[in-house]
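The values are calculated or read from the model by the stated rules, or taken from the named source; none is laboratory data. What you see is a predicted model; the values in this text were computed from it and never measured. Cβ atoms come from the backbone with ideal geometry, glycine included; neighbour counts cover every protein chain shown. Note: areas computed on protein heavy atoms with side chains; ligands, DNA, RNA excluded. Shrake-Rupley method; radii C 1.70, N 1.55, O 1.52, S 1.80 Å.
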Amino acid sequence: MDQTDKYASLRLENQLCFPLYVVSREIIRKYTPYLTKLDLTYTQYIVMMVMWEHKKLKIGDLCNKLFLDTGTLSPLLKGMEKKGLITRTRKKSDERIVQIEITPKGQELRDKALEVPQKIFSCVQLSPQDSNDLYRILYTIIGKNN
């Protein structure tokens, strides 16, 4: 085996993680102008999508749904609470458990966000079949079959 073959696995173009990383950054960049109008970051937006669906969750359940840890999510939620989008309360029966609940202001933001998914989809040049295939493959990678 010559030296070029020995190190082929270390070439950037041979890394699955690299195009995933680049695409992730590019997609989030495309979200930015739409989310700026809503005064949300991308991470706040995905929190709001979960909250619009569930209304009230334990912080641990929210972490599981978003594949984030509490150290990442807690400061984010604190900022969202200051904006009036959610409330955080400790459960009276067990103060270790923090409940997150959407506020009326957070719920109202849902109507304003309705156009975001369609605008993003129009920025991504994939056929519906390729989009479905990619979705399935990505969820297979993260270990969640949908």
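List pairs: first in segment 77-97 and of a type in the set (Asp, Glu), second surrounded by 14 or more Cβ atoms within 10 Å (Cβ to Cβ), Cβ under 6 Å, 6+ apart or cross-chain? That search, which allows pairs on different chains as well, returns Glu81/Arg88. Scoring Thr43 on the criteria (1) modelled with pLDDT under 95; (2) within 21 Å of Ile141 (Cβ to Cβ) leaves a single failure, condition (1). Only residues that are within 20 Å of Val22 (Cα to Cα) and charged (D, E, K, R): list them for segment 120-146, please. Within segment 120-146, Asp130, Asp133, Arg136 qualify.
Condition (residue is of a type in the set (D, E, K, R) and over 26 Å from Leu16 (Cα atoms)) applied to segment 97-105: is it met by at least one residue?
So in segment 97-105, the residues of a type in the set (D, E, K, R) come out as 101, 105.
If we keep only those that are over 26 Å from Leu16 (Cα atoms) as well, we get 101, 105.
Yes, the conditions are met somewhere in segment 97-105.
The residue list Glu101, Glu95 contains one member that is at pLDDT 95 or above and on the phi < 0 side of the Ramachandran plot, which is Glu101.
Kindly state which helices (runs of 4 or more DSSP H) lie completely within segment 1-114 and contain at least 2 residues that are among the basic types (Lys, Arg) and open to solvent by 70 Å² or more (accessible area, probe 1.4 Å).
Values: elements: 3-6, 17-37, 42-54, 59-66, 70-82, 104-113.
The qualifying helices (runs of 4 or more DSSP H) are 17-37, 70-82, 104-113.
Every residue in segment 115-146 that is in contact (Cβ under 8 Å) with a residue 24 or more places away in the chain, of a type in the set (Val, Ile, Thr) and in a helix (DSSP H, G or I), please. Val116, Ile120 - these are the residues of segment 115-146 that are in contact (Cβ under 8 Å) with a residue 24 or more places away in the chain, of a type in the set (Val, Ile, Thr) and in a helix (DSSP H, G or I).
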